[in-house]
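Visitor: Pasting a structure below so you can have a look.
The values are calculated or read from the model by the stated rules, or taken from the named source; none is laboratory data. On a predicted model such as this, the values are computed, not experimentally measured, just so you know. No Cβ is skipped: glycine too gets one built from the backbone with ideal geometry, and neighbour counts run over all protein chains shown.
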Protein chains: 2
Amino acid sequence: MNPIGNLNKIFESRIRLGVMSVLMVNNEVNFNDLKQMLEVTDGNLASHLNTLEENGYIKVYKGFIGRKTNTTYAITTAGEKAFKGHLIALEHMIKFTK
Amino acid sequence: MNPIGNLNKIFESRIRLGVMSVLMVNNEVNFNDLKQMLEVTDGNLASHLNTLEENGYIKVYKGFIGRKTNTTYAITTAGEKAFKGHLIALEHMIKFTK
DNA sequence: AAAAGCACTTTGCAATACAAAGCTAAATTA
DNA sequence: TAATTTAGCTTTGTATTGCAAAGTGCTTTT
């Protein structure tokens, strides 16, 4: 009945939605690429990434390219599951709407 | 490129999303039915309805059933257009994701 | 006359969102 | 080698939002 009952609260934010969407397609994305794709300030992005990590939806890899630091982000199994659930809920809502 | 570039900020809220979704299907819905369908408190619902009205996405009809007041809400043409645009943006994001 | 319902508004607090600035270490440029 | 730039943050501060709870006025039901 309730068309919004199964939406995931974490994914209400457009930026977190965008991060998840990008990470579903590209299995490892670094900070700067995410920043450019989503057109957000770095501080803002960092805090949303933090929220996603705290919820276990993404994981962070701090590595190097040569001797230069490189941080990449990837979706976790839990994150994939949660995001897919959210998309299904959205699709149901859209279907309900038509 | 940016998968979230065309999402409508007004529809980031699950409750406003729900209101629009319900009003796309049912052309006139009263306050109480909305409240029950979306499972929200009345004050919360009222404020979201207010935001939607201020943005010209819904209109309010204050009428009577017999001598009892009855307020119904309906989507406007602009609201329908904006919501459809948002759904298309969501669908693109979902397609991008798969 | 009292209680309850409808459709709000007001109040107040807590949680977000966000930009901007600061920060560290490494890399690049001059 | 000194100065600047880049990556990836954290901190700070402000403004906005979300929400529940309580209050309001009118009406209907009991």
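Visitor: Can you tell me which residue is nearest to A:Asn27 (Cα to Cα) among those in segment A:52-67 that are charged (D, E, K, R) and more than 10 Å from DNA strand D (Cβ to nearest atom)? I'd like the intermediate steps shown before the answer.
Guide: Here is the first cut: in segment A:52-67, the ones charged (D, E, K, R) are A:53-54, A:59, A:62, A:67.
Checking the rest, the ones that are also more than 10 Å from DNA strand D (Cβ to nearest atom) come to A:54, A:59, A:67.
Working: A:Glu54: 19, A:Lys59: 11, A:Arg67: 23 Å.
The residue in question is A:Lys59.
Visitor: Looking at B:Val19, B:Val60, B:Val40 in this structure, which one is touching a helix residue (DSSP H, G or I) at 6+ places or on another chain (Cβ under 8 Å), farther than 30 Å from A:Asp33 by Cβ and either more than 14 Å from chain A (Cβ to nearest Cβ) or modelled with pLDDT under 95 (or both)? Don't jump to the end; show me each part of the working.
Guide: Working: B:Val19 fails: either more than 14 Å from chain A (Cβ to nearest Cβ) or modelled with pLDDT under 95 (or both); B:Val40 fails: either more than 14 Å from chain A (Cβ to nearest Cβ) or modelled with pLDDT under 95 (or both).
Answer to the selection: B:Val60.
Visitor: Identify all residues within segment B:1-11 that are more than 11 Å from the chain's Cα centre (by Cα) and either at the interface with another protein chain (Cβ under 7 Å from one of its Cβ atoms) or among the aliphatic types (A, V, I, L, M) (or both); write none if there are none.
Guide: Once the filter is applied, which keeps residues that are more than 11 Å from the chain's Cα centre (by Cα) and either at the interface with another protein chain (Cβ under 7 Å from one of its Cβ atoms) or among the aliphatic types (A, V, I, L, M) (or both), segment B:1-11 yields B:Met1, B:Asn2, B:Pro3, B:Ile4, B:Leu7.
Visitor: Applying the selection to segment A:68-88, what residues are of a type in the set (A, V, I, L, M, F, W, C) and either more than 14 Å from every other protein chain (Cβ to nearest Cβ) or within 10 Å of DNA strand D (Cβ to nearest atom) (or both)? Reasoning before the result, please.
Guide: Going through segment A:68-88, the residues of a type in the set (A, V, I, L, M, F, W, C) turn out to be A:74-75, A:78, A:82-83, A:87-88.
Once the filter is applied, which keeps residues that are of a type in the set (A, V, I, L, M, F, W, C) and either more than 14 Å from every other protein chain (Cβ to nearest Cβ) or within 10 Å of DNA strand D (Cβ to nearest atom) (or both), segment A:68-88 yields A:Ala74, A:Ala78.
Visitor: Sticking with this structure for a sec: What helices (runs of 4 or more DSSP H) lie completely within chain A and have 3 or more residues being more than 10 Å from DNA strand C (Cβ to nearest atom) and touching a residue at least 24 places away in the same chain (Cβ under 8 Å)? Don't jump to the end; show me each part of the working.
Guide: Details: elements: A:14-25, A:31-38, A:42-54, A:77-97.
Those helices (runs of 4 or more DSSP H) span A:14-25, A:77-97.
For (1) within 27 Å of B:Leu17 (Cα to Cα); (2) surrounded by fewer than 15 Cβ atoms within 10 Å (Cβ to Cβ); (3) of a type in the set (A, V, I, L, M), each residue gets a yes or a no:
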position	(1), (2), (3)
A:Val22	yes, no, yes
A:Asn27	no, yes, no
A:Asp33	no, yes, no
A:Ala46	yes, yes, yes
A:Leu52	yes, no, yes
A:Asn55	yes, no, no
A:Thr69	no, yes, no
A:Lys81	yes, yes, no
